[in-house]
Amino acid sequence: MPHPSQCLQLGLHCGNVMRRSLALILAAFLFVASLAGCQNEPATPARGETQGQTYHSRYLNITFTLPDGWSFYTDSQLEQQSGMAIGLLVDPGTEFSKGLMDHGAFYDMYAHNEPTASSVGLLYQFVGEANGEDIGTEDFLRHLMSGLPDFEFTFSDQFSRSIGGKSYTGMHSQINFGSATVYYDYYVIKIGGYFVAIVITSNNQDPESIFEHFN
């Protein structure tokens, strides 16, 4: 097997690492859900809408405009990425169905740049309370860190960041491959009985330059 830095030059290794780690992130969401019991669900959020180069969630007050060379996943790609049955996603602007919420973690939006293997994903995870113990965003990020054992990630301290007028708990992380670096930024919020996470991945590019496309 070639050295990671050699694979990186071929545009292969980073893409594989990112796809695998994003799958682990999705699994971490499902793991948090396994700690949660059932409760009365809060008002159901609605799916965001994608028009041309822009995604907008009225529920979250988030807008993301594609950087040059990027594209959004289609519904069938989102369903495949989330491991859900075809047709389970609801139409844009429509409230999430019970079947979709029961699925667990799923992507409402996923944008990527194939040549650089950079991406932005917006994940939902519906949870409840287990034995009256509330699961917070800090708990989720700790579970996320413990759920990525196969890679030598380094993590920053957690911090707060306002996105769309709401306070998210953020954390930076990265993996180094010789002179190459893969960055992962996480922004997580819990509203009622569910989590929302923005996950930004980038290959040798400051994630902040991608984050600037949110408003």
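The values are calculated or read from the model by the stated rules, or taken from the named source; none is laboratory data. A quick note: this is a predicted structure, and the numbers were derived from the prediction, not measured. Reconstructed Cβ throughout: ideal geometry from the backbone, glycine too, with neighbour counts over all protein chains shown. For accessibility, only protein heavy atoms count, side chains too; no ligands or nucleic acids. Shrake-Rupley method; radii C 1.70, N 1.55, O 1.52, S 1.80 Å.
Each label point was placed 7 Å from the Cα along the Cα-to-Cβ direction; for Thr63 and Met145 their separation is 3.6 nm. Using the Cβ atoms and a cut-off under 14 Å, what net charge is assigned to the surroundings of Thr94, where Lys and Arg are +1 and Asp and Glu are -1? Net charge around Thr94: -2. If you sort Glu138, Glu152, Glu212, Glu95 by accessible surface, 1.4 Å probe, largest first, the order is Glu152, Glu212, Glu95, Glu138. Under 5 Å between amide hydrogens, built in the peptide plane, is the criterion, and for Ile191 it picks out Val196 among residues at least 5 positions away or on other chains. Overall form of region 71-215: oblate. Here a/c, set by the Cα gyration tensor axes a ≥ b ≥ c, is 1.5 or more, and a/b is not larger than b/c.
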